[in-house]
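Notes to accompany the following structure.
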Amino acid sequence: ATSATSTPEAEVQDPEEDVELLRKVLARARLESYLEKLTKDLGVETASDLRLVTDEDLQGMGMTVIQRRKFREVATAHSDQHPASAPATAAAGTADLKAKP
C-alpha cells in the first residue's frame with residue numbers, strides 16, 4: 001500500500017549523490033575546485049542547475065575565459081544528456097523558441 005504513494009526513486013535523489021554528480025561533471029572540465037563556490041555561494045544543488053549559472057556568476061567566481069567556456073560545454077552536455085532532469089521553465093522556454101517562425 002505504501003509503494004503506491006511513494007515517489008519513484010528516479011525523481012528522489014540523495015543530496016550527497018547530487019554533489020557527487022556535480023563533482024564528476026565539473027571534473028570533466030577540470031573545474032572541481034569551484035564546487036564549493038557553486039554550491040555555497042550560488043546555491044547550485046544538482047548538475048542540472050549548472051545551466052542556470054550565468055557568465056557573470058562565473059566571472060565573479062574568478063573563472064578565466066577558457067574556464068567559463070569549458071564550464072558552458074560540460075553544463076550543456078549534461079543538460080542535453082539528461083533533459084528529464086531539466087526544470088520545467090527551461091523546457092517551456094525551449095518550446096517557445098521552437099514555436100516561433
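The values are calculated or read from the model by the stated rules, or taken from the named source; none is laboratory data. Computed from a predicted model, the values in this text were never measured in an experiment. Because the Cβ atoms are built from the backbone with ideal geometry, glycine has one as well, and the counts that use them run over all protein chains shown. What goes into the accessible areas is simple: the full protein's heavy atoms, side chains included, and nothing from ligands, DNA or RNA. Shrake-Rupley method; radii C 1.70, N 1.55, O 1.52, S 1.80 Å.
Of the residues making up the stretch 40-84, those that are open to solvent by 40 Å² or more (accessible area, probe 1.4 Å), assigned to a helix (DSSP H, G or I) and of a type in the set (S, T, N, Q) are Gln59, Gln67, Thr76, Gln81.
Could you list, in sequence order, all residues of the stretch 64-101 that are out of contact with any Lys or Arg (no Cβ under 6 Å at 6 or more places or on another chain), within 16 Å of Leu26 (Cβ to Cβ) and at pLDDT 80 or above?
Matches in the stretch 64-101: Thr64, Ile66, Gln67, Arg68, Arg69, Lys70, Phe71, Arg72, Glu73, Thr76, Ala77, His78.
Among the residues of the stretch 21-39, the one identified as more than 19 Å from Gln81 (Cα to Cα), of a type in the set (A, V, I, L, M) and surrounded by fewer than 17 Cβ atoms within 10 Å (Cβ to Cβ) is Leu35.
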